[in-house]
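Each remark here refers to the structure printed beneath this line.
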Amino acid sequence: MLGLSNQALSNLLYWVTRKRWLIFAFAISLFLFYVPSPETLSPEGHRTLIIVVIAIILIVGEVIPLPAVAILILILEVILGIDTPNGVANSFMSDAVFFIMGSLMLAVAIVSQGLDKRLALGIIKMTGNKTWRIVFGFVSISAILSSFIGEHTVAAMMLPVALTLVRNTSTDQKVVHRLATLLLFSIAYGCAMGSIGTPSGGGRNVIMIGYFSEFGLGNISYLDWIKYAYPMLLLEIPIAVLILWMTFKPNQTILDSAVRKLKVNVTKAGKMTGNQVMAILIFVAVFLGWVFLSPYLGLGIIALIGVFLYLSFGLIEWKDINRNTNWGVIILFGAAISLGIQMKETGAAEWVANQSISIMSMLVDDIGFMRWFISVFLTGLLTNILSNAATVAVLGPVVLDMGGNPIILGLATSIASAFAYLTIVASPTCMIIHSSGLVKSSDYLKAGWKLFIMSMVLLFIISNFYWPYLS
Amino acid sequence: MKFLIAIGSKEFSETTLELGMRVARAFKASVTIVYVGEKISAFSTSEVLMAQENLENWELDRQGVDVLEWAYNYLVENDYISSSAEKEGFIGDKLVQTDDDRCEVFLEGKHTQEVGLILRNGDIIQQLRDEVKRSEIDVTIIGASKKRRMIHDLIQYIDSSIFVVKNYDRKRTYKMVLAVNDAPNTKKAVKYGVRVAQAFDLEINALTISNTKEFRDNYKKASAWADTFLRRAGVKHSINLEYGKFIETINLIAGDDHIIVMGSSTRSPLTKFFTGSKPLNVCEKCNCPALIVK
């Protein structure tokens, strides 16, 4: 057959079956390329949307490495005549990319300090041994910490605390399944909720701030963002605890022995070391920099200053940062932001916004609600199958071109991208707790849909009745 | 020879492990046991790796290590690996990362030559394919999956013989159905069948199935050759020629108390992909363990 040996043919078939999404993306892009551009869309805008479609298919399918998707986006932007090579290079690197890079490196530096044992002791001292109080503590601490230092950092530190409590309760997984699920989801959902609190809670927040500036909508400072988002975070915590407790109510209402064993375990760590103190001081300095200096230096540069200090003081080795930093994600987010900027420049974002509104207007009369629904609901759904930062990078320009109050819609989009409760792949925190082997994929939907709806309702109330007073 | 046994959990993999080890012992093969965990999204690989490394600081095992430890203990308790080296043991926290998605459990002493324990993450077919290629595996042993696609992909893409352990009950007395015809892989299948039969003390039913009432000369020759080979090997056997549809006939005869051994299909991969093959259909429809020899 085709002059190929059976082995070569078998390998080819294997490649085709594994890369079917790549072939589908290629076929659909060819088809879209030869479809005439709509009258209201420029040829450049048309071609930009083709790249968006390809990128989404390849990211969701994960058939080629993420950096390859990023590189393809950049190549296609030039080859399809959307921008010049220098223009593409300029749109690729921004403060938001610096921030994502810096925060991923900071995460490695912070996790490697062994501060999680102090954290465990702190939580247990506050909560005592009642399970519901421990769950409340897990959700609160995860949410508050991840509002400043990135959700996966907190999840990586909290995971061993939860697993130690579970293991100390019983080694029989059937006995502790509900307890394990409850504690692990307290971490994952707490981190997701917390990531909306400040710009440094997630790269997507910084991407949206970048778009505000790019679209000439003004600058949102670190403290401004907190004023908008933190009340929602604080309101979500008790509701989430209640939902999680009702969904995964454990057999163990008191974890007396498990807590005692945990205390013994963590007290062995001894007193805080000089390096740990230094690590905390540097992070506090970074945080103060974000609050007071970000208008002048940018959030990304401040994060990189933190990384520089960690490296300079020998608190982390470069090889550790290099090994544990997801460079593919950084490159991909750079490319996604570049694509978002091209969507704006070519008018593709505005065209998609107008089309979405005209389609939705057949169903709903209230244009304000329609805009809100498109930005929040679509973002909430996409974030569960794509990635929250990629979702904001692609949808952000569309939302900001939809009319209405772009600041409110932009913030709502960014916050909705944290509603990653429904699937394992929704966010690194969901993946981290899943990697423990103690939660099943079906568990994500059990509590996830309730939290998703609760968060949507809460966001609707806050964005309509609280944010207008701040604008 | 090298055998690969894929296990998934303590609850469901015991029979796969037991049958796999007995067969491996019959072949005097070295054994690698692999646990394949779920695929980690590319967006989260570094983050998950970081979290897992952090678990090690707390002396907590990452997912799958407990299953490998259980498998290791099972091998020691059942004398599949030498008891003299028993104390040298399993050191679950000494995982050697040999690749992005592959870790090897560090075993001290002699055990390192007797058994390999591998932890992998990702698409199971991709991972098994990689492991088979990397370690030059001859036979892959795996429990049955409810997913039709899984059996198809195993037989189509894994470049080793495949032993699917389906509905195996250690209390049941088994016989063997050995499919004999003029296909090139039949001779190898007969040789494998003899080893397995000797290991389990099974009686072999060397079965030749023709879809017409007239048996081709090649079929008769193959059957005669099998008879001679089995007699020389000293295995209790019977030679049977049946008329009917291959899949239905072999599965009817095998029932749930036989182990099926047959050669893999020699059809083109493209034809197998679109129209399937006899081994694939047998594996899908049978209700007993089946060894497809490549």
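Of the residues that sit in the range A:1-25 and are in contact (Cβ under 8 Å) with a residue 12 or more places away in the chain and open to solvent by 90 Å² or more (accessible area, probe 1.4 Å), which one is nearest to the chain's Cα centre (by Cα)? Restricting to residues being in contact (Cβ under 8 Å) with a residue 12 or more places away in the chain and open to solvent by 90 Å² or more (accessible area, probe 1.4 Å), the top hit is A:21. Of the helices (runs of 4 or more DSSP H) lying entirely inside the range B:1-78, the ones with 2 or more residues being closer than 22 Å to residue B:138 by Cβ are found at B:14-26, B:65-77. As a summary of the residue check, residue B:183 satisfies the conditions (1) assigned to a helix (DSSP H, G or I); (2) open to solvent by 20 Å² or more (accessible area, probe 1.4 Å); (3) among the hydrophobic types (A, V, I, L, M, F, W, C) except for the one numbered (1). Within the range B:140-162, not a single residue is within 15 Å of the chain's Cα centre (by Cα), within 14 Å of chain A (Cβ to nearest Cβ), farther than 21 Å from residue B:15 by Cβ and aliphatic (A, V, I, L, M).
For the range B:113-139, a residue qualifies if it is in a strand (DSSP E or B), away from every other protein chain (no Cβ under 12 Å) and of a type outside the set (Lys, Arg), and the qualifying residues are B:115, B:116, B:117, B:118, B:139.
Restricting attention to the range A:30-53, which residues are in contact (Cβ under 8 Å) with a residue 24 or more places away in the chain and open to solvent by 20 Å² or more (accessible area, probe 1.4 Å)? Outline the logic, then answer.
Kept after step one, since they are in contact (Cβ under 8 Å) with a residue 24 or more places away in the chain, are these residues of the range A:30-53: A:38, A:40-42, A:44-53.
Matches in the range A:30-53: A:38, A:40, A:42, A:44, A:46, A:47, A:49, A:53.
When residue A:396 is tested against the conditions (1) part of a helix (DSSP H, G or I); (2) more than 30 Å from residue A:45 (Cα to Cα), the lone failure is (2).
Please verify whether residue A:453 is more than 25 Å from residue A:49 (Cβ to Cβ) and open to solvent by 50 Å² or more (accessible area, probe 1.4 Å), treating the condition exactly as stated. Spell out the reasoning first.
Working: more than 25 Å from residue A:49 (Cβ to Cβ): yes; open to solvent by 50 Å² or more (accessible area, probe 1.4 Å): yes.
Here the answer is yes, as residue A:453 does meet what is asked.
Annotation: residue A:205 fulfils all but one of (1) within 14 Å of chain B (Cβ to nearest Cβ); (2) in contact with a Phe, Trp or Tyr (Cβ under 8 Å, 6 or more places away or on another chain); (3) among the polar types (S, T, N, Q); the unmet one is (1).
Among the residues of the range B:158-186, those that are farther than 30 Å from residue A:18 by Cα and out of contact with any strand residue (DSSP E or B) (no Cβ under 8 Å at 6 or more places or on another chain) comprise B:168, B:169, B:170, B:171, B:172, B:173, B:182.
Considering the range B:231-288, the qualifying helices (runs of 4 or more DSSP H), each wholly inside and each with 3 or more residues that are more than 18 Å from the chain's Cα centre (by Cα), run over B:246-254, B:269-275. Could you tell me which residue of the range B:32-66 is farthest from the other protein chains (Cβ to nearest Cβ), considering only residues that are open to solvent by 10 Å² or more (accessible area, probe 1.4 Å) and within 18 Å of the chain's Cα centre (by Cα)? For the range B:32-66, the residue satisfying everything is B:32. Here is the figure for the range A:311-340: residues that are of a type outside the set (Val, Ile, Thr) and part of a loop (DSSP other than H, G, I, E, B) total 5.
Among all residues of the range B:248-260, there is none that is free of Cβ contacts under 8 Å to residues at least 12 places away in the same chain and either of a type in the set (Val, Ile, Thr) or within 14 Å of chain A (Cβ to nearest Cβ) (or both). Residue A:381 meets the stated requirement of being open to solvent by 10 Å² or more (accessible area, probe 1.4 Å), free of Cβ contacts under 8 Å to residues at least 12 places away in the same chain and within 25 Å of residue A:429 (Cα to Cα).
Residue by residue, here is whether (1) surrounded by fewer than 18 Cβ atoms within 10 Å (Cβ to Cβ); (2) outside any helix (DSSP H, G or I) holds:
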residue	(1), (2)
A:420	no, yes
A:432	no, no
A:442	yes, no
A:445	yes, no
A:449	yes, no
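Among the residues of the range A:71-96, just one is among the polar types (S, T, N, Q), within 22 Å of the chain's Cα centre (by Cα) and either surrounded by fewer than 14 Cβ atoms within 10 Å (Cβ to Cβ) or outside any loop (DSSP other than H, G, I, E, B) (or both), namely A:91.
Please verify whether residue A:359 is out of contact with any strand residue (DSSP E or B) (no Cβ under 9 Å at 6 or more places or on another chain), assigned to a helix (DSSP H, G or I) and in contact (Cβ under 8 Å) with a residue 60 or more places away in the chain, treating the condition exactly as stated.
No.
Within the range A:264-277, the set of residues being under 32 Å from the mean Cα position of the chain (by Cα) and closer than 14 Å to residue A:125 by Cβ comprises just one member, A:266.
The values are calculated or read from the model by the stated rules, or taken from the named source; none is laboratory data. For clarity, every value in this text was computed on a predicted model and none was experimentally measured. Note: ideal-geometry Cβ built from the backbone for every residue, glycine included; neighbour counts use all protein chains shown. With ligands, DNA and RNA removed, areas are computed over all heavy atoms of the protein, side chains included. Shrake-Rupley method; radii C 1.70, N 1.55, O 1.52, S 1.80 Å.
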